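Chemist: Before we start, here is the structure in question, set down as structure tokens.
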Amino acid sequence: MTGMTTETGDLRELTVGTGAGLVAGTGGQQLGTDMVLNIGPQHPSTHGVLRLKLVLDGERVVSAEPIVGYMHRGAEKLFEVRDYRQIIVLANRHDWLSAFANELGVVLAVERLMGLEVPERATWLRMALAELNRVLNHLMFLGSYPLEIGAITPVFYAFRERETLQAVMEEVSGGRIHYMFNRVGGLKEEVPAGWTSRARAAIGEVRGRMPDLDNLIRRNEIFMARTVGVGVLSAADAAAFGASGPVARASGLDLDLRRDDPYLAYDELDVPVVTKTAGDCHARFEVLLDQVYASLDLAEQCLDRVDRLTGPVNTRLPKVVKAPEGHTYAWTENPLGINGYYLVSRGEKTPWRLKLRTASYANVQALATLLPGCLVPDLIAILGSMFFVVGDIDK
């Protein structure tokens, strides 16, 4: 609505619109201004407690500032007063959807500093479980993201597949979310008899049923209308913000540590790296979807290798584990991107410093570039497509 002024005798009537930045009458006076809107920190459509400070011109975002720290639990400080066995339980929790991968990064850093050689069987079991954990993470977002923009059905299909794989992870570790199965020097214990066969059967079931979810949502015209061309992140911006994982690969940033800087025994596998070039919400969703198929194949290859190996799954260590004085950096390709662990030791049973470089923290910074210019109705579609866990941002 535009501003309008009429004068009758001594009366002056002024009609203004409800938008921002309107100029009324011939005097050119400003009748509105940009609106500052806070999304969060307690908003039902955000992934946990994130605050977005937006400046709006009508329904269009002028600027966006992600404000983090509302869920800060001081994990890095707690590491300094926990020994090397206890820090694993803390590392489980910053990205609660990638618990096994979080544990893995910490023990790899400690093993590297100690110069420990991990038994080969443990290495391949770690890889199999890490890939299953990657699938579980992606299935959560494949179900929850459509839900956030109004598609209810996909979450039921996603959770059906999650439950099949959760049963396998629960059998081997005793945990459904926080597995606590990694140890410095290997794994907690040998897997149950026949577990690899049951895990392989579960992978086959999930692979056979994934087209149900895929066909339901990937080319759904309503879903595509909400996501195609929305929230485009260029490869240059992704690199500038330090984005990684599915978010960066959807923008054409061809980076995957499993292939580019292999750890464990990934150099013995042909790791398919799923990339897209569009960089929009739909591309980010498709990368997750295609990565599920790739990770199921990798997990199966690892299980085949485990069946051909014998021997222990851990290394005998003294009751009190002490890392020698020094420092090291280990990084892993977590489900949501690159996780880095910078460990500094003074030769004691606790880390002097253990700094986390989390994927979500870097990825969410890109919202400052992504959101300006978009409309408020697209806000949740873009926010959800960044696939972050707030504990992974705030640590």
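The values are calculated or read from the model by the stated rules, or taken from the named source; none is laboratory data. Small disclaimer: the values here were computed from a predicted structure and weren't measured. Glycine also receives a Cβ, built like all others from the backbone with ideal geometry; neighbour counts cover every protein chain displayed. Just so you know, the surface numbers come from the protein's heavy atoms only, side chains and all, with ligands and any DNA or RNA stripped out. Shrake-Rupley method; radii C 1.70, N 1.55, O 1.52, S 1.80 Å.
Chemist: Amide H of L56 versus every other amide H placed in the peptide plane: which residues, excluding those fewer than 5 positions away on the same chain, fall under 5 Å?
Modeler: Close amide H contacts, sequence-distant or interchain: M35, V36, L37, V62.
Chemist: Suppose each label sits 7 Å from its Cα in the direction of the beta carbon; what would the R218-M35 distance come out to in nanometres?
Modeler: My value for the distance between the label points is 4.0 nm.
Chemist: Does the stretch 295-393 come out rounded, prolate or oblate by the C-alpha gyration tensor, with a ≥ b ≥ c the root eigenvalues, rounded set by a/c under 1.5 and, if not, prolate when a/b is larger than b/c and oblate if not?
Modeler: Numbers: a/c = 4.13, a/b = 1.54, b/c = 2.69.
Note, shape of the stretch 295-393 comes out oblate.
Chemist: Work out the FRET efficiency for E325 and A265 from their Cβ-Cβ distance, taking R0 = 41 Å, and round it to the nearest 0.05.
Modeler: Details: r = 29 Å, r/R0 = 0.71.
Between E325 and A265 the formula returns 0.90.
Chemist: If you don't mind, there's one more thing I want to ask. Please state the charge dipole magnitude for the stretch 101-222, taken about the Cα centre, from unit charges on C-beta atoms (+1 on K and R, -1 on D and E), reported in debye and rounded to the nearest 20.
Modeler: Around 100 debye, computed over the stretch 101-222.
Chemist: Here's a follow-up. Using the crude model of +1 on Lys and Arg Cβ and -1 on Asp and Glu Cβ, and no other charge, please compute the dipole size for the stretch 231-278 relative to its Cα centre, in debye to 20. Don't jump to the answer; show the numbers that get you there.
Modeler: Values: 4 positive and 8 negative charges, 54 e Å.
Its charge dipole is roughly 260 debye.
Chemist: Right, something else. Could you look at the chain and say what percent of its accessible area is carbon and sulfur, using a 1.4 Å probe and all protein chains?
Modeler: 53 percent
Chemist: Under a point-charge model restricted to the Cβ atoms of Lys and Arg (+1) and Asp and Glu (-1), what is the dipole moment magnitude of the chain relative to its Cα centre, in debye to the nearest 20?
Modeler: Around 1300 debye, computed over the chain.
Chemist: What whole number of Å gives the distance from the Cα centroid of the stretch 251-329 to the Cα centroid of the stretch 375-395?
Modeler: Cα centroid of the stretch 375-395 versus Cα centroid of the stretch 251-329: 25 Å apart.
Chemist: If you roll a 1.4 Å probe over the heavy atoms of the protein chains, what accessible area per residue do you get for the stretch 153-211, in Å²?
Modeler: Accessible area per residue: 41 Å².
Chemist: I'd like the distance separating the alpha-carbon centroids of the stretch 87-145 and the stretch 167-226, in whole Å.
Modeler: One Cα centre to the other: 13 Å.
Chemist: Moving to a separate point now. Under a 1.4 Å probe, what is the accessible area of the stretch 273-317 per residue, stated in Å²?
Modeler: For the stretch 273-317, the per-residue accessible area is 39 Å².
Chemist: Karplus couplings for the stretch 56-67 from phi (6.51 cos²θ - 1.76 cosθ + 1.60, θ = phi - 60°), rounded to Hz, Gly and Pro as x?
Modeler: Computed from phi, the couplings for the stretch 56-67 are 10, 10, x, 9, 9, 6, 8, 8, 9, 10, x, 10 Hz.
Chemist: I would also like to ask the following. Please report, in Å, the Rg and the Dmax of the stretch 78-214, where both are computed over Cα atoms only.
Modeler: Calculated on Cα positions, Rg and Dmax stand at 16.3, 51 Å.
Chemist: Using only the Cα atoms of the stretch 199-295, build the gyration tensor, take square roots of its eigenvalues as a ≥ b ≥ c, and label the shape rounded, prolate or oblate: rounded if a/c is under 1.5, else prolate if a/b is larger than b/c, else oblate.
Modeler: oblate
Chemist: I need the shape label for the stretch 67-153. Rule: rounded when a/c is under 1.5, else prolate if a/b > b/c, else oblate, with a, b, c from the alpha carbon gyration tensor.
Modeler: Oblate, because a/c is 1.5 or more while a/b does not exceed b/c.
Chemist: Given contacts defined as C-alpha pairs under 8 Å and at least six residues apart, what's the relative contact order of the chain, whole-number percent?
Modeler: Computed over the chain, the figure is 24 percent.
Chemist: Find which of L298, T123, Y145 sits farthest along the positive direction of the dipole of the chain, computed with +1 on the beta-carbon of Lys and Arg, -1 on that of Asp and Glu, about the Cα centre.
Modeler: Value: T123.
Chemist: Can you list residues from other chains, or at least 5 along the same chain, whose modelled amide H is less than 5 Å from the amide H of V230?
Modeler: When sequence neighbours closer than 5 places are left aside, the close amide H contacts are C281, H282.
Chemist: So what J values fall out for the stretch 331-341 if you push phi through Karplus, 6.51 cos²θ - 1.76 cosθ + 1.60 with θ = phi - 60°, rounded to Hz, Gly and Pro as x?
Modeler: 10, 9, 8, 6, x, 9, x, 7, 10, x, 10
Chemist: Let me ask something additional. For the chain, what value does the Rg/Rh ratio take when both radii are computed over Cα atoms and Rh is the Kirkwood radius, given to two decimals?
Modeler: My calculation puts Rg/Rh at 1.08.
Chemist: Step through the residues of the stretch 343-354 one at a time and calculate ³J(HN,Hα) from phi using the Karplus curve (6.51 cos²θ - 1.76 cosθ + 1.60, θ = phi - 60°), rounding each to whole Hz and writing x for Gly and Pro.
Modeler: 10, 10, 10, 10, x, 9, 7, 10, x, 6, 7, 9
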